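Enquirer: One structure, as structure tokens, below. Some questions next.
Just so it is clear, none of the values below were taken in a lab; they were calculated from the coordinates. The structure presented is a predicted model; accordingly, all values stated were derived computationally and were not measured. Cβ sites come from the backbone with ideal geometry, for glycine too, and all protein chains shown count toward neighbours.
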Amino acid sequence: MSKSYQIAKSLRPLLLAGVAAMILSACASNRGHMDMTTTGSIGQSTAGLGELTERYRRNPGDRAVAIHYAAALRAAGQPQQATAAMEQAMSRHPNDVAITVEYARTLTASGRFEQSLQVLQNVIRPDAPDWNALLVMGATLDQMGRHDQARKVYVQASVIAPGEASIETNLGLSYAMTNELPAAENHLRRAAAMRGATTKTRQNLALVIGLQGRFAEAEALYAAELPPDQVAANMAYVQGMLSQKNRWDMIEQG
């Protein structure tokens with residue numbers, strides 16, 4: 001089995017985690033995994049899953065609550081439940097772009113890639129495409145191994161929303177999936193300098209640098225984001241990965 005295949009297999013769920021438009025703010029991971037977030041049209045929620053569950057039960061027709069709830073479920077590793085919630089939201093808001101894009105995210109998280117692409121194709125207007133929808137489409141294509149197509153979609157999204165860190169981050173992860181680490185680093189460096197760059201973007205950069213054997217530089221980047229114990233854990237994890245024959249299998253979603 002080729003190294004590129006192993007990388008792609010390992011990073012597919014991470015790429016989807018990164019395209020969660022309203023993903024809840026999370027504690028820094030004590031693992032060196034790749035991840036990223038994007039900005040969405042409704043904004044972030046700082047509520048926990050339990051609180052969002054209660055809000056959703058009280059008012060399942062609230063579109064903002066439904067989107068935040070689905071994002072929280074995906075972050076908690078419950079994509080099927082997130083899909084069910086978004087199917088209900090779709091029935092209430094059939095023409096809502098934000099709802100439709102979030103539904104596509106949940107489908108991709110559940111491995112229903114072709115269905116996700118169909119949903120996105122129905123919502124992306126050729127004359128005025130939504131860049132968040134393009135971002136999800138690119139991530140879905142990447143997870144299907146169609147990296148060249150994914151990168152073209154990201155470039156299209158960047159023309160519509162120049163300077164968005166999430167788009168550049170997705171490009172970086174796309175190149176990481178094919179073991180093109182210098183290219184991945186270049187895109188992640190650009191992402192880290194853009195508006196909307198998150199701690200996860202910067203940790204992604206640290207991981208890619210560490211996987212190229214530049215441990216001191218990676219450690220310094222981690223230290224700017226995490227407390228000392230988590231820095232040490234991340235560096236031990238990266239170095240452990242490099243000592244493994246099939247190290248890309250060790251990268252997993254946090």
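Enquirer: Taking a ≥ b ≥ c as the square roots of the eigenvalues of the Cα gyration tensor of the stretch 49-99, is the shape rounded (a/c under 1.5), prolate (a/b larger than b/c) or oblate?
Expert: Taking the square roots of the gyration eigenvalues as a ≥ b ≥ c, the stretch 49-99 is oblate.
Enquirer: Something else about it: Using a/c under 1.5 as the rounded threshold, could you call the stretch 122-213 rounded, prolate or oblate? The axes a ≥ b ≥ c are square roots of the C-alpha gyration tensor eigenvalues, and prolate needs a/b larger than b/c, oblate otherwise.
Expert: oblate
Enquirer: If packing is taken as the average count of other Cβ atoms within 10 Å, what order do 113-126, 66-79 fall into, highest mean first?
Expert: Order by mean packing, descending: 66-79, 113-126.
Enquirer: Classify the stretch 38-189: rounded, prolate or oblate, from the alpha-carbon gyration tensor (a ≥ b ≥ c, eigenvalue square roots; a/c under 1.5 rounded; otherwise prolate if a/b is larger than b/c)?
Expert: prolate
Enquirer: Separation of the stretch 179-224 and the stretch 75-135 by C-alpha centroid, Å?
Expert: 29
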